[in-house]
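Please read the structure below before turning to the comments.
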Amino acid sequence: MAKPGFWAGLLIILLVLPLFIKSPYLIHIINMTFIYIILTVSFRTIMTSGQLPLAHAGFMGIGAYVSAIAAKWFGLTPWLSIPLGALVAMGVGILIGYPFARLRAVYYAMISLFFGMLILSAVKAFAKWTGGAAGLTAIPPLLGFSKVPYYYFFLGLTAVSLLVLYRLEISRPGVTWKAIAQSHLVAASVGINEARYRIIASAIGCLFAGIAGATYAHYNTVVGTTSFSFMATIMLLIYVVVGGVGSFIGPIVGVFLLMTVPELLRELREYVPYISAAIVLIVVFLMPKGVTGLVKSFLSWLAELWKSRRTSDAP
Amino acid sequence: MELAAGIFINVLILSAMYILVALGFALLFSIAGILHVSHGAIYTVSGYICWQLSQAAGINQWLALVLTVLIVGSFGLFLERFCFRPFTGDFDRSLVVGIGIILILQTTIVVTVGQESRSMSPFVAGILNAGPVSVSLERLVTFAIGAALLGVLVWFINNTKPGLQMRAMSQDLQGAIMQGININRVSAIAVVIACASAAVAGCLMGAYINLNPFMGDVVLGKALILVILGGMGSMTGIFYAGLLLGALDATLPVFFSGSVAEVIAMGAIIVVLLFRPTGFLGRAIA
C-alpha cells in the first residue's frame with residue numbers, strides 16, 4: 001500500500017476507462033463491483049474486531065429499503081435519502097451492538113445470522129411499503145438512467161470509503177480491534193473497553209453497508225429480498241476468505257474473482273456457477289491464506305532469491 | 001376444541017419434520033464440529049436422485065429411497081476424506097469448501113433437470129380419520145420416521161462404541177487421540193450418518209412438498225435455528241428445539257399473517273439466545 005505512484009496511476013486508468021468501454025453492460029458490471037467492494041471491505045472491517053457479522057447483507061437491505069421508501073413514498077430527494085438510509089443502518093447496528101456485545105465468537109455469529117433473517121422477514125411483513133417478496137420497483141434514480149455518470153459516482157464513493165476504512169485499520173481503533181480479536185481477555189487487561197470498540201466496529205461496518213445498499217437501490221431502481229438474504233452474507237464471507245482475510249485488498253480481489261469474472265463469462269449461462277465453484281475450490285485447496293496470501297509469499301520468495309543472488313555475487 | 005386438536009397435531013408433525021431435516025446437521029455440528037453448510041444441498045440432491053430412480057428408472061419408490069440413502073451415504077465417505085479432513089479446525093475454509101459443494105450440486109441439478117419444480121408421487125396415499133381431525137397418512141409416516149430416526153440416533157450415540165468415541169471427540173479431541181481413538185474413522189461414520197439422514201429427509205420431504213433446486217436453502221436455515229437453539233453438543237436439545245419451533249410455526253400463523261408470525265418467531269429466538277447463548281441444553285464451547 002506504500003506506493004503512491006501505483007495508486008495515482010490506477011486512479012488515472014480508472015478515470016479514463018469509460019472512454020474506451022462502449023458497452024453499457026460492462027459499465028454496469030463495474031458499477032456493481034464497486035458497490036460490492038464497499039460492502040465486502042466493510043464486512044472485513046467488522047471481522048478484524050473478532051466478530052463475524054452474518055447480518056451484513058441484511059444491513060445493506062436496511063440502507064436500501066429505508067432510502068428507497070423515503071424517496072419513493074415520501075418524495076425525499078435521493079441525495080438526502082441515501083445518507084438517511086446509511087444512518088438508519090448505522091443506528092440499528094449500534095442498537096443491536098449493545099445487547100449483542102455480550103456474546104462472542106460462534107455465538108455472536110449465530111445471533112447476528114438470526115438478526116439478518118429477522119430483517120428479511122420484517123421486510124416481507126411490511127409488504128405494503130417494501131413490496132414484500134416481489135420486490136420494490138420504480139425507485140427514483142440518483143443520476144438518471146445512463147450508466148456512465150454512476151461510474152464516476154461509484155468510483156469516487158469507493159475511493160473515499162476505502163481510504164476511510166484503510167486509515168481506520170492502520171490507526172489506533174484498527175490496532176485495538178485486532179487486539180480484541182486475538183484475545184479479549186488480554187485486551188481487557190490492558191484497559192481496552194472491549195464492548196465499546198466492538199460496537200464502534202459494527203457501527204462503522206453497518207454505516208458503509210447502508211451506504212452500499214442505499215446507492216444500490218437508487219442505481220438499480222429495483223430491490224428484491226434475495227440480495228440481502230443469509231446466502232448473500234455467506235457469499236460476502238466467501239469473497240473475503242478467497243481474497244485473503246489477513247489483507248486489506250483481499251476482499252477486493254475476492255469480489256473481482258468471484259463476482260466480476262463470472263459476470264463477464266455470462267454467455268455460459270447456467271454453467272457459470274461451475275466457474276465460481278472451481279475458483280473457490282482451487283483457492284481453498286491450494287492457497288491457505290487466500291489469493292493475496294499467495295501473492296505475498298511469492299513476492300517475499302522473489303525478494304529472498306534476489307538477496308541471495310546479490311550476496312553470492314558479491315565477492 | 002377441534003381447532004386445538006388440529007393445532008396440536010400440526011405442532012407434532014411440523015416438529016418431527018424439522019427434527020428429521022436437522023438431525024444430520026446437528027450430529028456433524030455437535031460431534032465433529034463441522035458446520036455442514038452443504039447439508040441442504042445434499043438433502044435436495046437426494047430428493048432428485050429418488051425422483052429419478054422411481055419415476056425415470058421405474059424402481060419401487062421405497063426401494064429407490066434405500067438406494068438413495070446408500071448412494072448419498074457413500075458420497076459422504078468421499079466428502080469426509082477429501083473435503084472435511086484437510087480442513088479440520090479451520091472454520092472459514094471448511095465453510096468455503098461447503099459453499100463450493102453447494103454451487104456444484106445445485107448447478108448440476110439445474111443443468112441436468114432444470115429450474116422448474118418437479119412433483120414426486122407420495123410414499124403412502126390416503127387420509128386417516130380419527131374423531132374430529134383427519135391427517136394424511138403421508139404426514140404420519142414422515143412423523144413416525146423422523147421420531148424413529150431421532151430415537152435410533154440418540155441410542156447410537158449413548159450406547160454404542162462409535163457413539164461413545166464421538167462423544168469423547170466432541171469433549172476433548174486431543175484426549176480422544178491419546179486414548180487411541182481413530183478420529184478419522186469416527187468422523188467418517190458421523191459424516192456418513194449425517195448424509196444418510198439428509199437423504200431420508202430429502203426423499204420424504206421431496207414427496208411431501210415439490211422438488212426444486214433451491215429447496216435446501218430453507219432447510220439449512222431451519223437446521224441452523226434448531227441446532228443453535230437446542231445447544232451445540234446436545235442431541236436431545238434439538239428435540240426440544242424442534243418442538244418449540246414446530247409450536248411457534250404451527251400456532252403463530254393462526255393469529256397473525258405469515259410474515260408477521262415469522263418476525264415474532266425470529267424475535268423470540270434472538271431473545272432466548274441473548275439470555276442463554278448456549279441454547280437449551282448446550283455447553284459452552286471455545
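Bear in mind that the values in this text are calculations on the coordinates, not laboratory data. In this text the structure is predicted, and so the values were computed from the model without any measurement. Note that we place each Cβ from the backbone using ideal geometry, even for glycine, and neighbour counts take in every protein chain shown.
Structural remarks
- Peptide B:100-107 has a mean of 6 when you count, residue by residue, the C-beta atoms of other protein chains within 10 Å of its C-beta.
- Estimated D of chain B in µm² per second, where Rh is the Kirkwood radius over Cα pairs and Stokes-Einstein applies at 10 °C, 1.306 mPa s: 81
- Percent breakdown of C-alpha pair distances by 5 Å bin, ordered from the shortest bin, for the stretch B:11-50: 5, 22, 23, 24, 17, 8, 0
- Note that the stretch B:151-286, at 10 °C in a medium of 1.306 mPa s, gets a Stokes-Einstein diffusion coefficient of 93 µm²/s from its Kirkwood radius over C-alpha pairs.
- Comparing B:278, A:76, A:293 along the charge dipole axis of the protein assembly as shown, the residue lying farthest to the positive side is A:293, per the Cβ-charge model.
- Kyte-Doolittle mean at least 0.5 and Cα axial length at least 30 Å: DSSP H helices in chain B: B:2-27, B:91-112, B:137-159, B:183-208, B:235-255
- Proximal lysines to residue A:22, defined as alpha-carbon separation beneath 21 angstrom and excluding residues fewer than eight positions away on the same chain: A:147
- Excluding exposed DSSP-loop chymotrypsin sites (Phe, Trp or Tyr not before Pro) (at most 14 other C-beta within 10 Å), longest clean stretch of chain A: A:146-315
- Candidates A:157, A:95, A:305: whichever shows maximal mean-square fluctuation once chain A is modelled as a Gaussian network with Cα springs under 10 Å: A:305
- Globularity index of the stretch B:18-91, i.e. its alpha-carbon radius of gyration over 2.2 N^0.38 Å: 1.24
- Computed over chain A with a Gaussian network model linking Cα atoms closer than 10 Å, the most mobile of A:286, A:120, A:87 is A:286.
- Computed with the Debye formula from one identical point scatterer per Cα of the stretch A:2-52, without solvent, the log10 of I(q)/I(0) at q = 0.15, 0.18, 0.25 Å⁻¹ comes to -0.62, -0.78, -0.95.
- Globularity ratio of the stretch B:105-163, using Cα Rg and 2.2 N^0.38 Å: 1.76
- Whichever aspartates and glutamates have a C-alpha closer than 13 Å to that of residue A:296, once near sequence neighbours (fewer than 8 apart) are set aside: A:304
- Gyration tensor (Cα) of the stretch A:23-228, equivalent ellipsoid semi-axes in angstrom: 31, 20, 13
- Isotropically averaged projected area of the stretch A:112-248, using the convex hull of Cα atoms (one quarter of hull area), nm²: 10.0
- Kirkwood Rh (inverse of mean 1/r, distinct Cα pairs), the protein assembly as shown, angstrom: 25.8
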